[in-house]
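The values are calculated or read from the model by the stated rules, or taken from the named source; none is laboratory data. Nothing here was measured: the structure is a model prediction, and the numbers come from that model. Reconstructed Cβ throughout: ideal geometry from the backbone, glycine too, with neighbour counts over all protein chains shown. Protein only, heavy atoms only, side chains kept; ligands, DNA and RNA dropped before computing areas. Shrake-Rupley method; radii C 1.70, N 1.55, O 1.52, S 1.80 Å.
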Amino acid sequence: MKVKFLYILIFSILIYINSIFFNFIIPFLVTLALLYKRIWIIVIEVAIGILSFLILGFLGKIFIYQYTLRAFSIVNVFLISSDYTDKSSIIDLFGSKGVPLLIALTYYPRFYDVMQNVAFYARVRKINLLDLKRLLVPIIVETVKIADNLYVAYTVKLFGQYSYRRNLKPSREDLIPLLIGVATLCLSLVLNI
């Protein structure tokens, strides 16, 4: 499912407003549910969330816990945006000024894949995953190469006159994140934990 950037942006704003002003638990849970394909991210965030809750509860600073879940919600919104955004809709909406945003949304999933590959090959070769000297060199080289290739690819595609096609009419896929965002907001207002 690919969603136009405008509607993913509205969804992101609804989740952000919800986590800042109304409730911080429900947006976190909703964004975790939308990241169902990324099991390791869910496991890591839940583990950090539980550990943070225990430590802050022990220290008597449990009121700070909401900031942990808010930060995770914002990170999750970025991950959802990078997974579900129709990249061509960014160019349709912003033209050549949307290239940096397009690169940012495309770069993270590729960077994540590079990290997984390096970790996999390190385990195969029985290299300790905490040996940063040996692991960072291939990661840095590959990420710089990917970033440069993405920049060149998107600027070459935008060469010449570009006729803006501002198609803002929502499709069925575009309405799904809007409905999820509004439902999350309504649920937070009703439950107000």
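Does region 141-149 include one or more residues that are out of contact with any Leu (no Cβ under 8 Å at 6 or more places or on another chain), open to solvent by 30 Å² or more (accessible area, probe 1.4 Å) and touching a residue at least 40 places away in the same chain (Cβ under 8 Å)? Yes: region 141-149 contains one or more residues that are out of contact with any Leu (no Cβ under 8 Å at 6 or more places or on another chain), open to solvent by 30 Å² or more (accessible area, probe 1.4 Å) and touching a residue at least 40 places away in the same chain (Cβ under 8 Å).
Table: residues versus (1) hydroxyl-bearing (Ser, Thr, Tyr); (2) farther than 26 Å from LEU179 by Cα; (3) open to solvent by 30 Å² or more (accessible area, probe 1.4 Å); (4) out of contact with any Lys or Arg (no Cβ under 9 Å at 6 or more places or on another chain).
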| site | (1), (2), (3), (4) |
| --- | --- |
| ILE13 | no, no, yes, yes |
| PHE28 | no, no, no, no |
| THR31 | yes, no, no, yes |
| LEU56 | no, yes, no, yes |
| TYR67 | yes, no, yes, yes |
| SER82 | yes, no, no, yes |
| THR85 | yes, no, no, no |
| ALA104 | no, no, yes, yes |
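For beta carbons closer than 6 Å, sequence separation of 6+ or different chains, a first residue in region 5-28 that is free of Cβ contacts under 8 Å to residues at least 12 places away in the same chain and under 25 Å from LYS87 (Cβ atoms) and a second that is open to solvent by 20 Å² or more (accessible area, probe 1.4 Å) and part of a helix (DSSP H, G or I), there are no qualifying pairs. Once region 154-188 is narrowed to residues that are open to solvent by less than 60 Å² (accessible area, probe 1.4 Å) and modelled with pLDDT under 70, the residue that is farthest from VAL99 (Cα to Cα) is GLY160. Screening region 18-107 for helices (runs of 4 or more DSSP H) wholly inside it with 3 or more residues that are within 30 Å of ILE146 (Cβ to Cβ) and of a type in the set (Ser, Thr, Tyr) returns the ranges 65-84. In region 120-138, the residue that is surrounded by the most Cβ atoms within 10 Å (Cβ to Cβ) out of those that are in contact (Cβ under 8 Å) with a residue 12 or more places away in the chain and not basic (Lys, Arg) is LEU135. Quickly run through region 35-47 and pick out the residues that are open to solvent by less than 40 Å² (accessible area, probe 1.4 Å) and not hydrophobic (A, V, I, L, M, F, W, C). ARG38, GLU45 - these are the residues of region 35-47 that are open to solvent by less than 40 Å² (accessible area, probe 1.4 Å) and not hydrophobic (A, V, I, L, M, F, W, C). Looking across region 122-143, the residues that are within 27 Å of ASN76 (Cα to Cα) and either in a loop (DSSP other than H, G, I, E, B) or among the hydroxyl-bearing types (Ser, Thr, Tyr) (or both) come down to LEU129, LEU130, THR143. Being more than 15 Å from the chain's Cα centre (by Cα) and more than 10 Å from LEU69 (Cβ to Cβ) is the filter; apply it to region 15-25 and report the residue that is least open to solvent (accessible area, probe 1.4 Å). In this case the residue turns out to be ASN18.
Do we find that ALA47 is over 28 Å from LYS169 (Cα atoms) and among the small types (Gly, Ala, Ser) in this structure? Criteria met by ALA47. Does ILE50 satisfy the condition of being surrounded by fewer than 16 Cβ atoms within 10 Å (Cβ to Cβ), free of Cβ contacts under 8 Å to residues at least 60 places away in the same chain and under 17 Å from the mean Cα position of the chain (by Cα)? Criteria not met by ILE50.
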